[in-house]
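First comes the structure, then the notes that go with it.
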Amino acid sequence: RIPPPLKGRPESALQPTVQKHCSWTMAGIEYYQPEPSPMVAQPEGWKMDDTFFDPDLHLQIEPPTMVKDLNFQNVPFPYSTEEASKKRGFAYSAPFRVLSDEGVRAARAAVDNNVAAYNDIGKGNQRASFFVRGLGYTSRFMRDFTYDPSVTQLLSDIARDQLGVHTMTMSVGHTNVGQVATGRPVDKWHVDSTDYVLITIISDIEEMKGGLLRVLQQPDSSGGHFQELLLKGVPQELVETVKYTGPGYAIFMQGSKILHAVTPVLEAREPRYSLVNSYMTRDVFLRDPTKYHTFLSKGFDDRKDVVPLEYARHKAWRVKGQMKYILDEMAPGATPEEIAKILETTSEELKVGVSTLILKPPPTAHGPNPLPTTHRRRPCCSESSSKTTRLSWTMGKRMGGQRRSVVREGRAECSR
């Protein structure tokens with residue numbers, strides 16, 4: 001849905017609000033960017049295979065009949081007209097069929113074949129005993145399944161939002177593998193680093209004991225509240241256990257809003273394979289829950305020659321949408337303050353992106369109603385961090401010394 005121009009909107013609807021997890025939002029503005037395409041360039045040493053995805057052969061979509069909202073009340077699906085008009089507010093679905101039997105076999109083969117072909121695809125960490133990353137670059141089946149429009153449309157309908165596949169292509173085809181009788185959880189208590197996840201079982205779970213999805217019936221268990229729950233313990237009386245129906249069945253959830261975990265696999269015919277694909281809202285003015293650190297060494301330990309560019313592409317896609325709103329949707333009569341506040345939001349998004357990539361604290365938050373940029377004191381160059389100076393100098397060398405000379409001129413002219 002294309003929103004009306006900003007002209008005539010109250011100024012209170014335009015206040016940028018500082019949010020956790022690296023982004024700003026502007027209440028009252030709703031603008032949807034087209035879904036970003038996956039990264040085309042191949043990482044060194046990885047090659048896209050020649051498998052194929054055929055939706056007529058590999059999909060068997062049977063929508064859920066029930067979902068939970070963020071008040072953890074059961075809501076029938078498809079939604080009534082009244083329920084469908086409520087934006088977002090979705091927690092998780094009942095299990096529903098996504099892949100056919102042939103689709104399950106193809107997905108499982110994509111995982112196993114690529115783990116055998118590459119020694120850096122499968123790994124583990126303190127949170128999860130074994131998982132597979134990077135199939136978006138090596139499995140054509142996995143990439144095409146993830147980007148199938150019929151799947152994305154169903155998930156958008158369930159979420160009451162307009163969704164797209166998340167820009168971090170390393171997350172395409174992420175698969176958790178729960179080994180049998182290790183005593184380790186398949187996945188410890190956590191909230192997700194992306195808005196939504198579709199979790200599809202691609203292994204035989206008929207006689208499996210354990211390996212159950214557990215969801216805390218408490219909304220938005222993130223930030224400091226999440227850390228407090230980890231320290232004090234998750235209240236078991238508020239936990240619901242969700243059992244999958246079988247291979248090919250999935251659960252869709254807004255994993256960035258709810259705390260969840262998967263219990264150890266105690267007994268099973270084979271390891272428990274769960275395919276986890278990430279999705280995001282296409283509204284570029286909504287809060288961005290993407291947590292860059294999750295993709296680094298203490299998290300998924302994704303390739304260091306890939307993840308920074310993926311994160312930069314993610315920020316570029318959001319900023320492109322914010323600027324496109326000004327280019328295509330704003331009408332004459334919009335006040336300078338209205339326009340400046342959108343530019344301020346975009347500026348903050350870029351600043352957070354820069355500080356995240358070079359792993360330094362982001363700029364000091366200015367509160368819910370920051371001063372216009374022109375009213376802020378420009379810091380003396382001596383206040384710039386050494387990391388920023390080194391970054392500028394390095395960029396200067398890559399640009400034939402042009403940027404380096406600018407930095408030096410800035411130092412010469414700076415005074416107080």
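The values are calculated or read from the model by the stated rules, or taken from the named source; none is laboratory data. Just so it is clear, the model here is predicted, and its values are computed rather than measured. As a convention, Cβ positions derive from the backbone with ideal geometry for all residues, glycine included, and neighbour counts pool all protein chains shown. These accessible areas exclude ligands, DNA and RNA; they are computed on the full protein's heavy atoms, side chains included. Shrake-Rupley method; radii C 1.70, N 1.55, O 1.52, S 1.80 Å.
Only one entry in 334, 340 is of a type in the set (A, V, I, L, M) and out of contact with any Lys or Arg (no Cβ under 6 Å at 6 or more places or on another chain), namely 340.
Rundown of residues vs (1) farther than 19 Å from residue 287 by Cα; (2) open to solvent by less than 20 Å² (accessible area, probe 1.4 Å); (3) in contact (Cβ under 8 Å) with a residue 24 or more places away in the chain, yes/no style:
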residue	(1), (2), (3)
194	no, yes, yes
204	yes, no, yes
209	yes, no, yes
226	no, no, yes
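Just so you know, in the stretch 239-250 the residues that are open to solvent by less than 10 Å² (accessible area, probe 1.4 Å) and touching a residue at least 60 places away in the same chain (Cβ under 8 Å) include one that is nearest to the chain's Cα centre (by Cα), and it is 250. Each residue in the stretch 295-314 was checked for being out of contact with any His (no Cβ under 7 Å at 6 or more places or on another chain) and closer than 16 Å to residue 122 by Cα, and 9 pass. Listed by first and then second residue, the pairs linking a residue in the stretch 116-129 that is closer than 19 Å to residue 211 by Cβ to a residue that is open to solvent by 40 Å² or more (accessible area, probe 1.4 Å), with Cβ atoms under 7 Å apart and 6 or more places separating them unless they lie on different chains, are 122/115; 122/130; 124/130; 125/301; 127/188; 129/179; 129/182; 129/184. Apart from one condition, residue 267 fits all of (1) at pLDDT 95 or above; (2) under 24 Å from the mean Cα position of the chain (by Cα); the exception is (2). Counting residues in the stretch 30-43 that are closer than 30 Å to residue 309 by Cα, hydroxyl-bearing (Ser, Thr, Tyr) and open to solvent by less than 60 Å² (accessible area, probe 1.4 Å) gives one or more.
Quick check: is even one residue across the stretch 234-242 out of contact with any Cys (no Cβ under 6 Å at 6 or more places or on another chain), of a type in the set (Ser, Thr, Tyr) and farther than 16 Å from residue 187 by Cα? No, the conditions are met nowhere in the stretch 234-242.
Checked against the criterion of being in contact (Cβ under 8 Å) with a residue 24 or more places away in the chain and out of contact with any strand residue (DSSP E or B) (no Cβ under 6 Å at 6 or more places or on another chain), the candidates 168, 253 yield just one match: 168.
For the stretch 257-301, the set of residues classified as of a type in the set (S, T, N, Q), under 24 Å from residue 105 (Cα atoms) and touching a helix residue (DSSP H, G or I) at 6+ places or on another chain (Cβ under 8 Å) consists of 277, 278, listed by residue number.
Among the conditions (1) open to solvent by less than 40 Å² (accessible area, probe 1.4 Å); (2) in a helix (DSSP H, G or I); (3) touching a His at 6+ places or on another chain (Cβ under 9 Å), the only one that residue 92 does not satisfy is (2).
Does residue 104 meet the test of being in contact with a Gly (Cβ under 7 Å, 6 or more places away or on another chain), in contact (Cβ under 8 Å) with a residue 60 or more places away in the chain and part of a strand (DSSP E or B)? Criteria not met by residue 104.
Here residue 53 fulfils each of the conditions (1) under 30 Å from residue 119 (Cβ atoms); (2) in contact with a Phe, Trp or Tyr (Cβ under 8 Å, 6 or more places away or on another chain); (3) at pLDDT below 95; (4) not hydroxyl-bearing (Ser, Thr, Tyr) apart from (3). Pairing each residue of the stretch 58-78 that is in contact (Cβ under 8 Å) with a residue 60 or more places away in the chain and farther than 17 Å from residue 255 by Cα with any residue that is surrounded by 14 or more Cβ atoms within 10 Å (Cβ to Cβ) and polar (S, T, N, Q), provided the two are 6+ apart or on different chains, yields C-beta distances under 9 Å for 58/100; 59/100; 60/100; 63/93; 64/93; 77/93. Is the stretch 305-316 home to any residue that is touching a residue at least 40 places away in the same chain (Cβ under 8 Å), crowded, with 19+ Cβ neighbours inside 10 Å and not in a helix (DSSP H, G or I)? Checked the stretch 305-316: at least one residue is touching a residue at least 40 places away in the same chain (Cβ under 8 Å), crowded, with 19+ Cβ neighbours inside 10 Å and not in a helix (DSSP H, G or I).
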